[in-house]
Structures are given as structure tokens and as C-alpha cells.
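Reviewing the structure listed below.
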Amino acid sequence: MNWQVAVPGFPLGMGRFKNNVVVFYTPENPEKLGSIKEVHAVMIGIKEKKVLVDKLVYANPNKNVIEPIVIDDPAGNFNYLLIRTSDQRGGLASIALKAQSKMHEFTQLSIISLESNLETHIKDLKDIALETFFAGACAGNNNEVYVSSFSKDQLITEKFDEDGNLKGKLAVDASIRRKSAMDPIIEIFPVIKYDSMQGNCIDLAVKYRNDHKDDVMRSFRFNFNDQKAYSTEETTLDKDYVKQLEKTEGKKNKLSNFKSIDELYPVQILETNDKVIVLKEIQYKTGSGSSDDPEKFYREGNIISIYTRDLHQVSEVIIDKFMGTYIMGATSICSHIKNGKLYIITCEHGRRADNYKAVLSIINMDDGAIETRTLDKEDAGKGWITDPTTILWFSNNFIIAFTEGKAFIRLKFETDLQSENY
């Protein structure tokens, strides 16, 4: 590490900005009951190695819960700070079930852009479909913003220009479970991605509960070039689906780490010139978080679904892995495309309970061939954990971080970086 800068609050997101870095934070802990009151931005100078500017960029005018979302463009440059205002009130009132059901509903969406001195420009998205269930937002190559939301029996994606004007709307039938007096909470777990290769296209993978109260997984594609919306069929996450996977794999033995298939979530979307790839992982935790019952995070079986651009499935790759740790609740799979091949790194348990390993799987997307090898830490040590989402992918190599946690008086972490070639 050459240098580091402390952020004076709870980070919300970051992006490259004017040859420097902008980081957004809030002074309040976002996990507490109260709503976020302020959002600040700090400009960190790359050459100066320090904070150049620290400004308040948004003040919440009421007690409604807001969700600040930092939206970068496809190249990783900061584009907008999206402020989603919900109907839910902060404080003790937010504990009530009816209040929790309002968290996904939004009454206002605003985008904030920045000048070089962090001066703000706030614009409301005009003609937005309000009081729908927010499913995600992203930015395109030309400063446009795409917002996806569930409304009645449809999933809608709307396109806005940099002035907040509605420029397009596409919809596909998708019925999430409606609220009821006995069970008013609606849970949506989306991953949204702008297809920068084709442009003007949005890919979305969502885990949700349908009208039949089934946990399902589904992928969507909204193509604003030809004004078409595509979707896969709902995949019900149950025992029958696991049996189907086992049959597809041609396995004589059962999949060992797919018992909690209802906890399968989308974690990453990638695109090639002719394919859309969706990575999914079984994720859950146990424990209350107390000293007598610590939280343990489990990251189990993976499914990599490969589709054509109109979402016809080409193949599915199954990784029957196990991962459990007390100190890291991150996603334990991440992927990168290089020379037509899919490079996938997973963090898995080795033969012993305290033994972790980073596994590289290289998938040829044309013939489905898979090559696998373990990425060993050069100076040994079996307790080192890899967080695949922090890998830095470059044109000729990638850098992987190995982290070890040691507890004596207090828990301390040590991280080593290691370069690997493709």
C-alpha cells in the first residue's frame, strides 16, 4: 500500500471523477432506524494523496427513508448520485410490517450531478412511474439513466436523458407477490447492468417471490435500439430444480451444496458480442450476532447461466462448492471475460475447516470446456481468504487479494496482493 485516506463517515459509493476520486458518505450509520439526513462528497486528489474538497451534496428535507445510490458510467467514472425517496418513515415507526413494505416503493427519484468543485445540480426524473417497486438503476454511455421497477403485473424499464426527461419505456409481464395484511413485506433481489458493448440495452437478473409464493429466478433484457423486451421463464428454486440440475450435469451423485437452493441470488452479469452471462450463488447466514451466537456467512453452490442476446439459454455451468466464514460476508464468486473465455474465481473451503482456497475456472463459451486450477498464496498459509469481488482485472494479468484475520486482544486483518497471469 502506497497511501490511504480516511473517509469521515459511512461510505456509500465512489467513482473516478475529473482525474481524481469522489467518495460519497453519510455521517449517520445507515443501518440504524433513523433515516439518512445528509450525504457528503469528498474529492480525493490522486497526485496530492489527500482530501481536496469535502461538501454536503444532499440534505433530506423530511423524515422519509431515502436510499442514495452512486451510479458510475460503464467505464467506472462517476455519473450521478440517485436519491430514491420512499414512503417509509424513519425511527421506531419503520419497524412495523406495513412500514417495511413501503421500503421498495418510491415517491420521488432525483439525480445529482457534480461540477469539478463538487457544486451540485439536482434534477427530478420526470414522468417516472411512481409508487412502483424499485428494482435498480444504471447509467449508459451517453449520460442517460435507466430505471427498472415492478408495477402491478409488469417489470418496467424507463430511459431518461441527463435533464431527467423520459425518452423511452419498455415493459414485460412479471408478477411479483402482492402484499397482504398478514404478510405485507415484498422482497426483491436484483442485479442490473448496462450493456456497453451493444449500447442502449439493459440486462437485469432478479430473485423474487411470485403470486404463487414460489421463490423464483428470472432474467430480463430491455433493448431500446429495437424497442423490444425479452425475458426467461421463471425458474422455481426448489428440490425439483436441483434434480433437474443433477440430471443436466449427468451426475450419479447428488449435488452436495444445493440444499438451500431457495437462497440462490444473482450476483453478476456480463456480456459478449452475442451472449449474456448471469452468475448466481447460494448465500445465507446463521447466528444472531451476539457473542454467544456469532454470525456465520455461507456461500455455497454456484450456477453460471449463458444466454443468447434474446435470452435463449445456451448452457449452464454448475460449481458445487462450499464456503463458510465468521469474518467475511462477501460474494465468493466473480468473473471476467478475456479472449472469448470466462475466467471465474471462487473462494472455497479446502479439506480442513480452517483451510481456504481460491479456485480459477476457465470456461470456453464456444464448446463448454472447463479448465480448473487452484491459485495458491506464494508464501503458503492456509487460513488466507480471497474476496473475488475485489480482484483487479487488467489486460495481461489480474491481482488477487489474500486476507487473514488474527484475534488476540482484538481482531486484526492482514492483506497480501498477488499477481496472476491469464
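Since every read-out is calculated from the coordinates, none of them should be taken as a lab result. Only a predicted model underlies this, so the values are computations on that prediction, with no experimental measurement involved. Backbone-built Cβ (ideal geometry, glycine too); neighbour counts: all protein chains shown.
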Q. Per-residue HN-Hα couplings for region 187-192, Karplus 6.51 cos²θ - 1.76 cosθ + 1.60 at θ = phi - 60°, whole Hz, x for Gly and Pro?
A. 10, 10, 10, x, 10, 10
(Q) Explain nothing, just compute: Karplus ³J(HN,Hα) = 6.51 cos²θ - 1.76 cosθ + 1.60, θ = phi - 60°, for every residue of region 63-72 in order, whole Hz, x for Gly and Pro. (A) 9, 5, 6, 10, 10, x, 10, 7, 10, 9
(Q) Report the gain in length on full extension from Glu38 to Asn62: 0.36 nm times residue separation, minus Cα-Cα distance, nm rounded to one decimal. (A) 7.5 nm
Q) Cross-link partners among aspartates and glutamates for Lys55, C-alpha distance below 20 Å, same-chain residues fewer than 8 apart left out? A) Glu28, Glu38, Glu67, Asp72, Glu115, Glu119
Q. Expressed as a whole number of Å, what is the distance separating the alpha-carbon centroids of region 116-167 and region 195-274?
A. 24
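Counting other beta carbons within 10 Å of each Cβ, put Arg299, Arg16 in order, fewest first. The partial results should precede the final answer.
On the way: Arg299 28, Arg16 15.
Ranking Arg299, Arg16 by Cβ neighbours within 10 Å, fewest first, gives Arg16, Arg299.
To one decimal place, what Kirkwood hydrodynamic radius in Å is obtained for region 132-236 from all pairs of distinct Cα atoms? Let's see the in-between values first.
Values: mean 1/r = 0.0708 Å⁻¹.
So the Kirkwood estimate lands at 14.1 Å.
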Q. If each of Lys126 and Asp161 carries a label point 7 Å out from its Cα toward its Cβ, how far apart are those two points in nm?
A. 0.9
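Sort Phe394, Phe258 so the one with the fewest other Cβ atoms within 10 Å of its own Cβ comes first.
Numbers: Phe394 10, Phe258 22.
The order, fewest Cβ neighbours first, is Phe394, Phe258.
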Q: Would you calculate a helix-derived [θ] at 222 nm for the chain, using -39,500 (n - 2.57) for each DSSP H run of n ≥ 4 and dividing by the full residue count, to the nearest 500?
A: -1000 deg cm²/dmol
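Report, please, the projected area of the chain averaged over directions, based on the convex hull of its C-alpha atoms, in nm². Could you put the intermediate results ahead of the total?
Details: hull surface 88.2 nm².
Averaged projected hull area, Cα only: 22.1 nm².
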Q. Taking 0.36 nm per intervening residue step and subtracting the Cα-Cα distance, what contour gain separates Lys296 from Leu52 on full extension?
A. 83.9 nm
Q. Could you name the lysines in cross-link range of Lys341, using Cα to Cα under 16 Å and dropping any fewer than eight places away on the same chain?
A. Lys275
Q) In nm, to one decimal, how far is the Ser260 label point from the Ser151 one, both placed 7 Å along Cα→Cβ? A) 3.7
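Can you figure out the FRET efficiency of Val242 with Val314, using R₀ = 25 Å and their beta-carbon distance, to the nearest 0.05? Before the final figure, lay out the partial values.
Values: r = 21 Å, r/R0 = 0.84.
For Val242 and Val314, the calculated efficiency is 0.75.
Which order do Phe413, Phe133, Phe10, Phe106 fall in if you start with the one that has the fewest other Cβ atoms within 10 Å? The partial results should precede the final answer.
Working: Phe413 11, Phe133 21, Phe10 14, Phe106 25.
Exposure proxy ranking, most exposed first: Phe413, Phe10, Phe133, Phe106.
Quick check on my link table: of Lys167/Lys228; Lys239/Lys285; Lys18/Lys49; Lys63/Lys159; Lys357/Lys377, which ones sit more than 18 Å apart, alpha carbon to alpha carbon?
Values: Lys167/Lys228 15 Å; Lys239/Lys285 20 Å; Lys18/Lys49 15 Å; Lys63/Lys159 29 Å; Lys357/Lys377 9 Å.
Over 18 Å apart, Cα to Cα: Lys239/Lys285; Lys63/Lys159.
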(Q) If I stretch the segment between Asn364 and Glu115 completely, what's the gain in nm (0.36 nm per residue apart, minus their alpha carbon distance), one decimal? (A) 85.2 nm
